[in-house]
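For reference, the structure is listed below as structure tokens.
The values are calculated or read from the model by the stated rules, or taken from the named source; none is laboratory data. Note that the structure is a prediction, hence the values are computed from the model and not measured. Using ideal geometry, Cβ is built from the backbone for each residue, glycine included, and neighbour counts are taken over all protein chains shown. These accessible areas exclude ligands, DNA and RNA; they are computed on the full protein's heavy atoms, side chains included. Shrake-Rupley method; radii C 1.70, N 1.55, O 1.52, S 1.80 Å.
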Amino acid sequence: MRRIAFMTSLSADMMRRLRHFGDFVTVPLAIVIFAGLAGLDRLPLMLAGIAAWTLLEYLVHRFVFHIHSQGRRLHQLHHDNPSDPDAERSSLTTPLLALPVGFLLIGAAGLEDGSAIFAGLLSGYLVFIVVHYAVHRWPIGPNSWLYSAKIRHLTHHHLENCNFGVTTIFWDIVFRTHARAVGGHIRSEAG
Ligand SMILES: [Zn+2]
Ligand SMILES: [Zn+2]
């Protein structure tokens, strides 16, 4: 009985780890596979995929997670419990969301070009999950790029109507949703 209870708690713990950290293994693996299919000469298309990710990240965060009712309900869990990994996306849903995008891109642009753009999108996503993990859970000292990303994102958690970009502030500046801390005060362009 005790052995069964031990095995059950072990498999529950493994599933929890898989949900929290699976992306950090599967996404780099997928990047290697699709970058390999694309080939090095398609590096510009991969970079275009990374750039496209930053816009996708901004739009999904702003309009799906903060306006769409179902998306907002899920995202609110993270806003309420920023350092609780159970309140964030599950790594198990990433392949379900990403693979159709990959198939669509390859279907539309061909194996090499589609794989290059997909590898770029996945690379952008990988940077996003690493930066988001770091700003909530790593002790980050001042005077670093990550520290400014942390302040920017914590301002988003505080005000909610600004700083939707996590990997870059670029689209917040373009769409005038940029807020920054100046002398202990937050200056926001968001309405
Ligand atoms: Zn966050
Ligand atoms: Zn948010």
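At-a-glance table
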item: Under-5 Å amide H pairs with residue 179, H placed in peptide plane, nonlocal only; result: 163, 189
item: Paramagnetic reach from residue 13 (point 7 Å along Cα→Cβ, amide N under 19 Å) across segment 56-97; result: 85-86
item: Exposure ranking of 34, 118, 65 by accessible area [1.4 Å probe, largest first]; result: 65, 34, 118
item: Most to least accessible of 170, 21 (protein chains only, probe 1.4 Å); result: 170, 21
item: The chain: C-alpha pair distances exceeding 23 Å, %; result: 50
item: Environment charge at residue 86 (Cβ cut-off 9 Å; Lys +1, Arg +1, Asp -1, Glu -1); result: 0
item: The chain, accessible surface, carbon-and-sulfur percent (1.4 angstrom probe); result: 70
item: The chain: DSSP helices with Cα axial extent of at least 20 Å and average Kyte-Doolittle hydropathy no lower than 1.6; result: 23-38, 94-109
item: Charge context of residue 122, other residues only, Cβ under 13 angstrom, K/R +1, D/E -1; result: -2
item: Simple label model, 7 Å out from Cα along Cβ direction - residue 111 to residue 33, nm; result: 1.5
